[in-house]
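The values are calculated or read from the model by the stated rules, or taken from the named source; none is laboratory data. The shown structure was predicted, so the numbers you read here are calculated from the model rather than taken from an experiment. A quick note on method: Cβ atoms are made from the backbone with ideal geometry, for glycine too, and the neighbour counts reach across all protein chains shown.
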Amino acid sequence: MESNDLTDAVESNSAFMLVSNDNEVVMQAAISSEKKQQSLRAAQKGSRTAYVGGFMDDKNEFVKSMYEAYGKEGDIYFEHHQKKELAAWINENNSEYSLTVIGHSYGGNSAARVIAAGHRVDHLITVDPVGRFKPNFTNVAIYSETWTNYVATGGGMNRNNLVARAGGWYGHKPEWYADAHIPINKDHVEICFQYCRP
């Protein structure tokens with residue numbers, strides 16, 4: 001990043017913002033003292049993970065198979081349309097456990113939207129998220145202790161990738177908000193088999 005691209009960096013207790021020459025916010029990432037305290041609390045608690053499948057996961061079971069292979073007692077699986085149930089699970093468990101939410105495709109969008117609405121988690125992992133109604137990315141960063149976003153960059157315009165793009169593929173949009181934004185040379189489905197797990 002060149003110094004002439006930025007005129008001001010503003011740090012507050014709730015957020016760190018880089019402001020461009022024309023005063024547009026180009027990046028907001030939650031780097032607050034509250035997040036640091038959440039990290040300390042998370043280290044002292046047990047953990048639970050919610051797996052959120054994408055469109056048709058009830059049939060193809062990409063995420064569900066990861067839950068069945070890697071899930072432990074207390075973990076849970078949701079379909080992408082079960083946003084209310086995911087929110088309730090987070091609210092019931094976040095004071096006692098360190099929570100990780102993993103969502104693929106539409107499931108990633110659903111997880112991000114629930115978290116952006118104020119349901120706090122310790123770790124959010126979105127795997128090539130897709131959705132027409134995207135969340136406020138600043139709020140996703142604020143309400144997740146860490147947010148790791150994996151974006152599928154392989155496979156060209158194969159069927160899997162075309163379906164994702166037609167559904168509202170996030171692509172690189174979370175790059176300035178997620179704590180880690182990681183391009184992976186796999187297609188929209190292949191990426192799940194490696195990253196839809198803690």
Single residue of 85, 96, 79, 92 found to be modelled with pLDDT under 95 and out of contact with any His (no Cβ under 8 Å at 6 or more places or on another chain): 96
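Restricting to the stretch 117-130, count the residues that are surrounded by fewer than 21 Cβ atoms within 10 Å (Cβ to Cβ) and in contact with a Ser or Thr (Cβ under 9 Å, 6 or more places away or on another chain).
2
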Against the definition (closer than 24 Å to residue 46 by Cα and surrounded by fewer than 24 Cβ atoms within 10 Å (Cβ to Cβ)), how does residue 179 come out, yes or no? yes
Against the conditions (1) out of contact with any Gly (no Cβ under 6 Å at 6 or more places or on another chain); (2) of a type in the set (Ser, Thr, Tyr); (3) within 16 Å of residue 189 (Cα to Cα), where does residue 106 fall short? Just the number, please. (1)
Can you pull out every residue in the stretch 131-168 that is among the aromatic types (Phe, Trp, Tyr) and surrounded by fewer than 21 Cβ atoms within 10 Å (Cβ to Cβ)? 133
Given the options 140, 151, name the one that is outside any strand (DSSP E or B), at pLDDT 95 or above and assigned by TED's automatic domain parsing to the domain that holds residue 86. 140
Return yes or no: is residue 115 within 21 Å of residue 46 (Cβ to Cβ), out of contact with any Lys or Arg (no Cβ under 9 Å at 6 or more places or on another chain) and modelled with pLDDT of 95 or more? yes
Could you check, for the stretch 84-105, whether at least one of its residues is crowded, with 17+ Cβ neighbours inside 10 Å, among the basic types (Lys, Arg) and assigned by TED's automatic domain parsing to the domain that holds residue 55? no
Report the residue count in the stretch 165-183 for those that are within 23 Å of residue 145 (Cβ to Cβ), without any contact (Cβ under 8 Å) to a residue 40 or more places away in the chain and of a type outside the set (Lys, Arg). 6
Against the conditions (1) free of Cβ contacts under 8 Å to residues at least 60 places away in the same chain; (2) under 16 Å from residue 109 (Cα atoms), where does residue 128 fall short? Just the number, please. (1)
Restricted to the stretch 74-129, and to residues that are hydroxyl-bearing (Ser, Thr, Tyr) and closer than 13 Å to residue 147 by Cβ, which residue is nearest to the chain's Cα centre (by Cα)? 126
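What number of residues in the stretch 71-89 are more than 23 Å from residue 132 (Cβ to Cβ) and of a type in the set (A, V, I, L, M, F, W, C)?
3
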